[in-house]
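Notes for the one structure printed next.
The numbers here are math on the coordinates, done by the rules we state, and not lab data. As the structure is a computational prediction, the values presented were derived from the model and not from experiment. Ideal geometry is used to build each Cβ from the backbone, glycine not excepted, and the neighbour counts take in all protein chains shown.
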Amino acid sequence: MGSDIQVIYEATIDSETMRFIVTTQIASETVEFSDPALAASRSPLASKLFGFPWCEKVKIAPDSIYLTKQSWVEWTVIAEPLSHLIKEHIETNQGVLVNAPEPTSAGSATSGWIEFRAEPTPNPESLKFNATRQIADDTFFVEHASKASRSPLAGKLLAFPWAKSVFIGTDFVTVTKQDFVEWEAIQEAVIDFLENYVNQGEQVLYPEMNADIDDNDPDVVKSIKQILNQEIRPAVAKDGGDIIFGKYDNGKLYLQMQGSCQGCPSSTLTLKHGIETRLKQSIPDLEEVIAM
């Protein structure tokens, strides 16, 4: 790679995450790392960044690095030095992303026992069950077992009488319950169910046929979807939710809130003061973001 590479940093909707834009392609896929051990096997650059004690997460995209820090350090102190470090690493061909090892068996993304750990979300009726490895290649939200054909796992969870909705993430499952049962009574049972299901090699999620960004989309819609996919959805996924594009019509953007975002007391605040504010920075014609 030539010496004319530039690395420019910009804020994202998540104040703890900074995007470092590289003026050349650095990867052929997008991979997110929260485990330093996994980063060491797949990304020399991510492994180097995890060497900083404040580094929480690294996401490598084709033209960007998204870096999430701990709250005790300020971006004003580290952003500029990091941009130089990333630039030097790329220019000296030290490696950004290497190919993942082949799966050991059909239907499982990685080898080894997969564990789940429960994490609270802003919605008291939802728990996010984080997996220790990737379990799906896409996301999926469903409220009725009859509509869960794309996810056999979601269908089985919704067969429980207390289950209200299920959101499948790439490395987590968010379950929303009915209010007549407490999490203390079912949390461990849900963990056992998830671990047994996934580790038996059962299908979690079938592929979606339609791509998120359509070549026929207007440029403004492509820009909105790119920001949603690269910045906003990863941010809300940390709380076990998702934001899905509905439609864009005459300056009004309609979004569907899924997982723990649906029914969350803070969802309106997130929508108006987080998502709408961020999108208006890049989409001048956007007037309003509306929840579907």
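What to note about this one:
- For Ser43, the shell of other residues with beta-carbons less than 13 Å away shows a net charge of +1, using +1 for Lys and Arg and -1 for Asp and Glu.
- Once the gyration tensor of the Cα atoms in the stretch 29-160 is diagonalised, the equivalent ellipsoid follows with semi-axes of 33, 20, 13 Å, ordered largest first.
- Per-residue Cβ neighbour counts within 10 Å put Lys128, Lys164 in the sequence Lys164, Lys128, beginning with the fewest.
- The stretch 116-199 - percent relative contact order, Cα under 8 Å, separation 6 or more: 31
- For the stretch 7-91, a simple Cβ point-charge model (Lys and Arg +1, Asp and Glu -1, everything else neutral) yields a dipole of about 160 debye relative to the Cα centre.
- Ignoring lysines fewer than eight residues from Lys128 along the same chain, the ones with Cα atoms less than 24 angstrom from its Cα are Lys57, Lys59, Lys69, Lys147, Lys156, Lys164, Lys177, Lys238, Lys272.
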